[in-house]
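Asks: Below you'll find the structure I mean.
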Amino acid sequence: MIKRLFKNNTETHRPVLSGLCFRLLFFFFIPGITIFILSACSDNKEENEGIPEPGIEVDYFLPIIDYLFYYEVNLPISYTDYVSTTLLIETDKIAEKFGISANDLLDGIAGKSKAPKIKCFAIQGSTYARYIVASNTNSVWGHWWDMNGDVITWNENNASVYNEFDTETGMFTIGQYPGRLTDEQTIRFIEGLEYNSMYIGIAVSITAKDTGLETGTIIGTQKLHINVNPRSDYNTDTLHFDMTRILSNLGVSSIDEVKFIAVSSDGSLTNDYNAGDTGFWYNLNGFTGQWSDDDACIYTSFETDDNSYNYIGIGQKPNILTEGDEVTIKYGFMAKNKIEMLEITVMVTTLTE
């Protein structure tokens, strides 16, 4: 009997759920449905003080849910990658409601033979209709969601967040479509499990959090390739790109109005140059790092004091890369909260004279 599970209250605060553990704070019963409120375990007492009760309105009949478990999680925003976090759900308490063990619950979700027949589903946020397909992600249970908490496919324009369940750990991975979230935006969705005509919902409220670093929307990407030989020095190989198009798309007339950015391993953007005035070092995974890092291998060099704006230099840390290595890096130009990205694939080829 639920019309709205959550109030749109941006002042509500709970600790970030790290996926390590949770404890049951309390539960209460409303005719037709029981609500369980859970909190992340934490050694920080201040984080766990004053946790508010989520808002509900009990004037809409939702007959398919017998018990609802509610979680909140913060998700760092990424403008370039599918950055995610984890959420550990109370599989033991869910299994207890079903009258089975936690292991049986996980095996049933995984569809193992001789395991209980657990059916996975989702609930549409706009209509509260049951969505019977267990998954449209890469896991046995999980979905892509739009901003209204409705199930959507990955390649649709409104796809915003996703969740994927790991039957080995009992954790949801909760991630995002790059560049779709804004700071403090909240998206709520409900996953569901059915066993022996009992229905349990897992409601998750995601709050997008800006990392406080560079932010912007990617409006264009130039995908480039360059073949290089392994180097024993810091000399660069030159790669051509369309700088005129970049400036036009950003709506600026001069390179002086542009910031240069790279992508960190957590998906955040940075303009903390560490290879000259406008360049970055990158590791073997293509993320920006430091020259002193063990896996540092490539750097970019871009000159702004001459007219060679259409070229970028690709250098190497001596004697690191070998034939057959391939590294894809991202070097971006940002102005007016818009980003034009160079996605550069560096292929190390056979030595030549």
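Asks: Exactly one of these conditions fails for Asn285: (1) at pLDDT 90 or above; (2) surrounded by 20 or more Cβ atoms within 10 Å (Cβ to Cβ). Give me its number.
Replies: (2)
Asks: Restricting the search to region 163-183, which residues are more than 16 Å from Leu88 (Cα to Cα), open to solvent by less than 20 Å² (accessible area, probe 1.4 Å) and assigned to a loop (DSSP other than H, G, I, E, B)?
Replies: Within region 163-183, Leu181 is the sole residue that qualifies.
Asks: So which residues in region 107-162 are touching a residue at least 24 places away in the same chain (Cβ under 8 Å), under 19 Å from Ser197 (Cα atoms), assigned to a loop (DSSP other than H, G, I, E, B) and open to solvent by less than 30 Å² (accessible area, probe 1.4 Å)?
Replies: Pro116, Ile118, Trp141
Asks: Only one residue in Val348, Val327, Val263 is surrounded by 15 or more Cβ atoms within 10 Å (Cβ to Cβ) and over 30 Å from Thr86 (Cα atoms), so which one is that?
Replies: Unique residue meeting the criteria: Val348.
Asks: Additional query: Of the residues that sit in region 88-99 and are touching a strand residue (DSSP E or B) at 6+ places or on another chain (Cβ under 7 Å) and either over 13 Å from Glu194 (Cα atoms) or among the hydrophobic types (A, V, I, L, M, F, W, C) (or both), which one is most open to solvent (accessible area, probe 1.4 Å)?
Replies: In this case the residue turns out to be Lys93.
One line per residue, one yes/no per condition, for (1) touching a residue at least 40 places away in the same chain (Cβ under 8 Å); (2) farther than 17 Å from Tyr311 by Cα; (3) exposed (fewer than 13 other Cβ atoms within 10 Å of the Cβ):
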| position | (1), (2), (3) |
| --- | --- |
| Ile219 | yes, yes, no |
| Thr236 | yes, no, no |
| Leu239 | yes, no, no |
| Leu250 | yes, yes, no |
| Ser253 | no, yes, yes |
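Asks: Looking only at region 68-113, how many residues end up being among the aromatic types (Phe, Trp, Tyr) and either closer than 30 Å to Glu343 by Cα or modelled with pLDDT under 90 (or both)?
Replies: Within region 68-113, residues that are among the aromatic types (Phe, Trp, Tyr) and either closer than 30 Å to Glu343 by Cα or modelled with pLDDT under 90 (or both) number 2.
The values are calculated or read from the model by the stated rules, or taken from the named source; none is laboratory data. What you see is a predicted model; the values in this text were computed from it and never measured. Positions of Cβ are backbone-derived with ideal geometry, glycine not excepted, and every protein chain shown enters the neighbour counts. Heavy atoms of the whole protein, side chains included, go into the accessibility calculation; ligands, DNA and RNA do not. Shrake-Rupley method; radii C 1.70, N 1.55, O 1.52, S 1.80 Å.
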